[in-house]
Amino acid sequence: MDRGFSARSAEGKIKEERVAVEEPLQITLDGHPVAVVMRTPGHDADLVRGFLVTEGIVASPAVVRKIEHRDNHALVFLDDEADFDPASLRRNLFSASSCGICGKASIEGVFSHFEPLREIAPFSNSSLLGAPEKLRAAQPTFDVTGGLHAAALFDRAGQMLALREDVGRHNAVDKVIGHALAGELPMEDGFLMVSGRVSFEILQKALGARIPLVAAISAPSSLAIEFAGRSGQTLVAFLRPPKFNVYAGEVMWER
């Protein structure tokens, strides 16, 4: 979503610019406030579904009975049998480098929710090298505003299954994962690609969705590399054909 604003150029001329929209979304779970995320409106149900799973708040989207959207509020209702502890929402939060209050207090806190991955079959370099062009071609709002992150899910052959854009890189990841969960798209044998840098939180969210490989066009953080090594995920960054760097895991090279 974008909106028009007037801007003055360096030459003093007034022109119309399209700007990415950023608005708050309050997530309430069975009457308990969970979080307020600053996001680009659109695909909010995907965002909520992905957020609840990748943050370990619910074990499965199957326990979500209904999501009601009212203005900038998302009201989530769980099945009566769902195992939900409201007190857990107030614990283990920290101020992250790339967002406000999000994530877990430590890597150990993540692994208490999500088991590391085991025995991942390597992805081919050819499937990875084709991904940046496909991702960039599917970013319509970025073309207009230049102000959105993108995250996309690819299958093992390098075909793009879904893409979402948002002002927040974590939101884009949650949106594409939430969409995949709703549509039962395969994630355990695919890879996630993000349009910018890759942080610990993005690896965490991918692990929550059981995605074995995360690729980024830009740089990784040190904690992302450490986390990938411990989680059993493959981490690829600076994916700019014909080159990329592998920081954790293995990639199968094809000529």
query: Does residue 42 count as at pLDDT 90 or above and outside any helix (DSSP H, G or I)?
result: yes
Output for region 7-16, where each listed residue is open to solvent by less than 70 Å² (accessible area, probe 1.4 Å) and assigned to a strand (DSSP E or B): 7
- prompt: Yes or no: residue 49 touching a Leu at 6+ places or on another chain (Cβ under 6 Å) and of a type in the set (D, E, K, R)?
  reply: yes
- request: Hey, can you tell me all the residues within region 230-246 that are closer than 15 Å to residue 202 by Cα and either open to solvent by 60 Å² or more (accessible area, probe 1.4 Å) or assigned to a helix (DSSP H, G or I) (or both)?
  value: 230, 231
query: If you scan region 121-138, which residues turn out to be at pLDDT 90 or above and among the hydrophobic types (A, V, I, L, M, F, W, C)?
result: 121, 123, 128, 129, 131, 135
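Listed here are the residues, each with its yes/no results for (1) surrounded by 24 or more Cβ atoms within 10 Å (Cβ to Cβ); (2) at positive phi.
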position	(1), (2)
120	no, no
152	yes, no
155	no, no
158	no, yes
178	yes, no
197	no, no
216	yes, no
228	yes, no
query: When residue 90 is evaluated against the numbered criteria (1) surrounded by fewer than 16 Cβ atoms within 10 Å (Cβ to Cβ); (2) touching a strand residue (DSSP E or B) at 6+ places or on another chain (Cβ under 9 Å); (3) within 13 Å of residue 35 (Cα to Cα); (4) modelled with pLDDT under 85, which criterion, by number, is the only one it fails?
result: (2)
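Conditions tested, residue by residue: (1) touching a strand residue (DSSP E or B) at 6+ places or on another chain (Cβ under 8 Å); (2) at negative phi; (3) of a type in the set (Phe, Trp, Tyr).
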residue	(1), (2), (3)
175	yes, yes, no
186	yes, yes, no
205	no, yes, no
210	no, no, no
233	yes, yes, no
240	no, yes, no
query: Taking region 45-81, which residues are without any contact (Cβ under 8 Å) to a residue 60 or more places away in the chain and assigned to a loop (DSSP other than H, G, I, E, B)?
result: 57, 58, 59, 60, 71, 72, 79, 80, 81
- request: Mind checking which helices (runs of 4 or more DSSP H) fall wholly inside region 140-226 and carry at least 3 residues that are of a type outside the set (Ser, Thr, Tyr) and modelled with pLDDT of 90 or more?
  value: 169-183, 200-208
task: Kindly list, by first and then second residue, each pair from a residue in region 190-219 that is within 22 Å of residue 243 (Cβ to Cβ) to a residue that is surrounded by fewer than 24 Cβ atoms within 10 Å (Cβ to Cβ) and among the aromatic types (Phe, Trp, Tyr), limited to pairs with Cβ atoms under 9 Å and residues at least 6 apart or on different chains.
output: 195/142; 215/244; 216/238; 217/238; 218/238; 219/238
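The values are calculated or read from the model by the stated rules, or taken from the named source; none is laboratory data. What you see is a predicted model; the values in this text were computed from it and never measured. Cβ: placed from backbone, ideal geometry, glycine included. Neighbour counts: every protein chain shown. SASA here: full protein model, heavy atoms, side chains in, ligands and nucleic acids out. Shrake-Rupley method; radii C 1.70, N 1.55, O 1.52, S 1.80 Å.
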